[in-house]
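Down below is the structure, laid out as C-alpha cells.
The values are calculated or read from the model by the stated rules, or taken from the named source; none is laboratory data. None of these values were measured; they are calculated from a predicted model. Every residue, glycine among them, receives a Cβ derived from its backbone with ideal geometry; neighbour counts consider all protein chains shown. Accessible surface is based on the protein model in full, side chains and every heavy atom, while ligands, DNA and RNA are left aside. Shrake-Rupley method; radii C 1.70, N 1.55, O 1.52, S 1.80 Å.
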Amino acid sequence: MSLADELESIVGKKWIVRGEEVSLFGVDGFTAFRGEPSAVVLPGNEDEAVAVIKTLIKNKKKIIIRGSGTSLSGGSTPVDGEIVVSLSRLNKIEEYHGNEVIVGPGIANIMVSKNAPSYLFYAPDPASYSVSSIGGNISHDSGGIHVVKYGPTFNSVLGLKVILPNGEVEDLLFHETAMNPVSIFIGAEGTLGGILKARLKLFPKPESRVSLVATFDSLRNAGKAVVEIFKRGVVPSALEMMDRNIILR
C-alpha cells in the first residue's frame, strides 16, 4: 500500500490536499516568504491525527503540524517540501471543570471565551486571537495586551496531551509529578511535540471595566506614567503605549 493510500484510509480522500491547492498552506502571517508542501492532511479527530502522524514518521517524512497558520514567526511555513498536518478540524470544547476547560488544538482563541460560562473568560489575547488556534498559541507562548495582568499563554495552560517526535502519545492533562512536564512544550514551536488537547485555566470576569486614554508630549513622560501606575499599586488588565508613528499609520 502506498503512503497516499494509507493516509486516505485514515482520513478519507476528501481530507488530503494535493496539486495547486497545497499552495494555500504554503504561507502564514509572514507573507514575505512562501513554501510548497508536498501534501496536506486534515485529520478530523484525535485518533486520526495520531494515526496520520505515526504513518508519516514510519515512512520517514518531514512533518509540519499547524493550525490556523497566522504565525508571524513563519514557524508553520514549509521550506523543504514537508507534509503539512493541519489540526484545524480538532476544534471542539471537550468539557468544563469549574474554572478549567479542555479543548482541541484547532479551536480559535476567541471561541474559548465565547463558549465559557458568562462569568469566566480566557485571558491570553494575541493580536490574531479572533482566528489563531490554541495549539499554535501554546506552541508559541503567545501574549497580548492582557499579559500585563494575567501573563502569557504559559500562565493559562494547566495540562496537555501531546504526540512526540517518535509517535508516542503523552497524556499530561492531569499530571501529578513534582516537576511540571507540560512547561517544556509551551513556546517550543512544535519541536518537542504536537498539541493534541489542552487543559486551560479560565479567569473570573471583572465586575466592572473602565477604559482610559491619556496623551503625553513625549515617550519619556508616557513611560514615567506607566511606572507610576504600578508604583501606586494598580495592575491594569491591559496596558498599551503607542507613539505618533503607530497612531498615524
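The alpha carbons of the chain give a radius of gyration and a Dmax of 20.3, 70 Å, in that order. Straight-line cross-link partners of K231 among the lysines, defined as a Cα under 25 Å from its Cα and at least 8 positions apart when in the same chain: K149, K205. Selection among G69, I134, L202 by position relative to the dipole of the chain gives L202 as farthest towards the positive end (Cβ unit charges, Cα centre). When restricted to Cα atoms, the range 35-123 yields an Rg and a Dmax of 15.4, 48 Å, respectively.
Other residues within the sphere of radius under 13 Å centred on the Cβ of T215, judged by their own Cβ, net out at -1 (K and R +1, D and E -1). Antiparallel versus total DSSP beta bridges in the range 57-165: what percent is that, nearest 5? Here the antiparallel bridges make up roughly 55 percent for the range 57-165.
Secondary-structure-derived ellipticity at 222 nm for the chain, considering helices only, amounts to -6000 deg cm²/dmol, per-run term -39500 (n - 2.57) for DSSP H runs with n ≥ 4.
Distance between the C-alpha centres of the range 121-177 and the range 52-106: 13 Å, rounded to the whole angstrom. Within the listed set L202, L120, L24, the residue fluctuating most in the Gaussian network model of the chain (springs between alpha-carbon atoms under 10 angstrom) is L24.
Considering only A222, A123, A238, the mean-square fluctuation computed in a Gaussian network model of the chain, springs between alpha carbons under 10 angstrom, is largest for A222. Computed over the range 116-207, the P(r) curve from all C-alpha pair distances, binned at 10 Å from the origin, holds 17, 48, 29, 6, 0 percent per bin.
Of A178, F121, I83, whose Cα points farthest to the positive end of the dipole of the range 70-184 (charges on the beta-carbon: +1 Lys, Arg; -1 Asp, Glu; origin at the Cα centre)? Farthest towards the positive end: F121.
Using the Cβ-Cβ distance between A4 and V210 with R0 set to 41 Å, the FRET efficiency works out to roughly 0.10. Looking at the chain alone, DSSP beta bridges between its own residues are antiparallel in about 75 percent of cases. Structural size metrics of the range 165-217, computed from C-alpha coordinates, are Rg and Dmax of 18.8, 57 Å. Heavy-atom accessible area with a 1.4 Å probe sorts R244, R34, R18, largest first, into R244, R34, R18. Spin-label model, I246 to Y119: label points 7 Å out along the Cα-to-beta-carbon direction sit 3.5 nm apart. Sequentially through the range 57-70, phi angles give Karplus couplings (6.51, -1.76, 1.60; θ = phi - 60°) of 5, 4, 8, 6, 9, 6, 10, 10, 9, 9, x, 6, x, 8 Hz, Gly and Pro residues having no value and appearing as x.
Counting 0.36 nm for each residue step from R220 to E20 and taking away their Cα separation leaves a gain of 66.8 nm.
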